[in-house]
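Here is the structure we will look at.
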Amino acid sequence: MATREAYITGVGQSQVGVRLTRHPLLLTVDAAREALAEAGLTVQQIDGVATYPGRVGSFLGYSPVGADELIDAMGIPAKWYIGAPEITSQLGAVVAAADAVRAGHARHVICFRTVYEAAAMARPEEYPVMRRTTVDGFTQWFAPFNATSAANWVAQYAMRHVKRYGMTREQLAQIAITGRANAVHNPRALVREPLTLDQYMSSRMITTPLCLFDCDRFTDGSTALIVSAGDVLDEVKCTPIRIAAAAYTFERFSWDQAEWMASYPTGRELWKKTDYKPADVDMVQLYDGFSFCAVTWLEGLGFCKVGEGGKFIEGGKRIARDGELPLNTFGGQIGAGRLHGFGFAHEAVVQLRGNGGGRQVPGNPRVAISTSGGGPLATALLLTRD
């Protein structure tokens, strides 16, 4: 194995739930310890930590734990760490860790994303949200139009697909239906009940054409991944998964409006970084904070032509666990819970190692894609089992 390569070794996940009472730092430690145990590493062998977006004091439910807090809590002898929101979406932390181990700044880096939004909403006295008196930053481009939720602007892109390309709600429903069908087999999933098309079509509309089941829900939990350098894999006891390629783009917030979500240029960029092609991919774990995001990734990554995402997923057979391109085999964020991007990389590793249990993709999967974001920020990882 090439020494200049970067690999995901251990993966871990804490308890996942709604309105948990376990402290978010302890959830993070739980996930990190599970990742360490799987990799067969000790805390003293970890010399790097990466997270997105770091501790956000103004909205602790969104991100309650920083890299420095995990370093202190676990006694990690870190030589390198990062925790910042100004990277290309959640999995950008994994890309930064991969760059760090390739450059020799660290040997083993724990990457994590912790969310505590449901608990914070239930206990606002413990996790207050800072109230702004002015509108600034990227919100200045959205708030004047009352687009205070990402659902608002994602729906605008989705509605264009409805008007320009003929995407139907019955087609879009397959993202949520597939995710929920897979979540049934995931013991950590937030919702372990299947979803029918009738339930989907009769549900409350949130922002046209997105209904209640097109949206993920606030969740509490933590996910951890260990990124290791290729020249220290002899220290690892699990099957390493290579980060074969990564791509990322940023679309300005001050759009009027941007022509395409960032998933499109990111998808095109990914294939410039590797000799692999879309036909080589055995499964995809695509960000579905809103179901339409997964459609844009399918198009952006070239699994179908732009505008044909609705037809590609129609009926759900193609993206089923036993279909030609299994999608979000753990349930995605719609079924398994909003772990904000890291759950997709976690699942790709689980599947490539054949550890999916009842949700395992049949055959012998060796190549997977996991993504995060897709709106103004986007990151894609191509992961392989060598």
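Computed per residue of the chain from DSSP H runs no shorter than four, each worth -39500 (n - 2.57), the mean residue ellipticity at 222 nm is -8500 deg cm²/dmol.
The GNM of the chain, with springs linking C-alpha atoms under 10 angstrom apart, assigns the highest mean-square fluctuation among Gly341, Gly57, Gly104 to Gly104. Overall dimensions of the range 226-368, expressed as equivalent-ellipsoid semi-axes from the Cα gyration tensor (√(5λ), whole Å, largest first), are 25, 20, 15. Over all directions, the projected convex hull of the C-alpha atoms in the range 124-181 averages 6.9 nm² in area. Over what distance in Å are the Cα centres of the range 252-293 and the range 170-221 separated? Each part reduced to its Cα centre gives a spacing of 22 Å. Most simply put, the chain has about 75% antiparallel DSSP beta bridges, counting only bridges with both residues inside it. Peptides 315-326, 236-247 ranked from most to least packed by the mean count of surrounding Cβ atoms within 10 Å: 236-247, 315-326. In the chain, the portion of solvent-accessible area held by carbon and sulfur atoms comes to 50 percent [1.4 Å probe, whole percent, DNA, RNA and ligands not counted].
The phi torsions of the range 174-181, fed into the Karplus equation with coefficients 6.51, -1.76 and 1.60 and a -60° offset, translate into couplings of 5, 5, 5, 5, 5, x, 5, 5 Hz, rounded to whole numbers, with Gly and Pro shown as x.
Under 19 Å from a label point set 7 Å out along the Cα-to-Cβ vector of Arg123, the amide N atoms of the range 214-230 belong to 218-223.
So what is the relative contact order of the range 199-267, in percent, for Cα pairs below 8 Å that sit 6 or more residues apart? List each step's numbers first, then the result.
Values: 23 pairs, mean separation 11.1, N = 69.
Contact order relative to length: 16 percent.
Spin-label pair Ala143-Lys317: with each label point 7 Å from Cα along the Cα-Cβ axis, the two points sit 5.1 nm from one another.
Here volume of the Cα convex hull per residue in Å³ was computed from the coordinates, and among [x] 229; [y] 196; [z] 128 the match is [z].
Probe of 1.4 angstrom, ligands and nucleic acids ignored: what's the accessible area per residue over the chain, in square angstrom?
Numbers: 15550 Å² over 386 residues.
Accessible surface, normalised per residue, equals 40 Å².
Set the bar at 30 Å for Cα to Cα. Now go through Lys237/Lys305; Lys79/Lys273; Lys237/Lys272; Lys163/Lys273; Lys277/Lys311; Lys79/Lys277 and name every pair that lies beyond it. All intermediate terms of the calculation are to be shown ahead of the outcome.
Numbers: Lys237/Lys305 41 Å; Lys79/Lys273 28 Å; Lys237/Lys272 32 Å; Lys163/Lys273 34 Å; Lys277/Lys311 21 Å; Lys79/Lys277 36 Å.
Cα-Cα > 30 Å for Lys237/Lys305; Lys237/Lys272; Lys163/Lys273; Lys79/Lys277; rest within.
With the simple spin-label model, which puts each label point 7 Å out from Cα in the Cβ direction, the Asp231 to Lys272 separation comes to 3.0 nm. Converting phi to 3J(HN,Hα) with the Karplus coefficients 6.51, -1.76 and 1.60 and the offset θ = phi - 60°, the range 30-40 yields 4, 5, 5, 5, 5, 5, 4, 5, 5, 6, x Hz in sequence order, with x at every glycine or proline.
Which order do Met205, Met261, Met74 take by accessible area at a 1.4 Å probe, largest first? The partial results should precede the final answer.
Working: Met205 75, Met261 5, Met74 30 Å².
Sorted descending by solvent-accessible area, the residues read Met205, Met74, Met261.
Give the value in nm², to one decimal: projected area of the alpha carbon convex hull of the range 43-178, averaged over all directions. For the range 43-178, averaging the hull's shadow over all directions gives 12.3 nm².
The values are calculated or read from the model by the stated rules, or taken from the named source; none is laboratory data. Here the structure is a predicted model, which means the values were calculated and not measured. All Cβ positions, even for glycine, are placed from backbone atoms using ideal geometry, and neighbour counts span all protein chains on display. These accessible areas exclude ligands, DNA and RNA; they are computed on the full protein's heavy atoms, side chains included. Shrake-Rupley method; radii C 1.70, N 1.55, O 1.52, S 1.80 Å.
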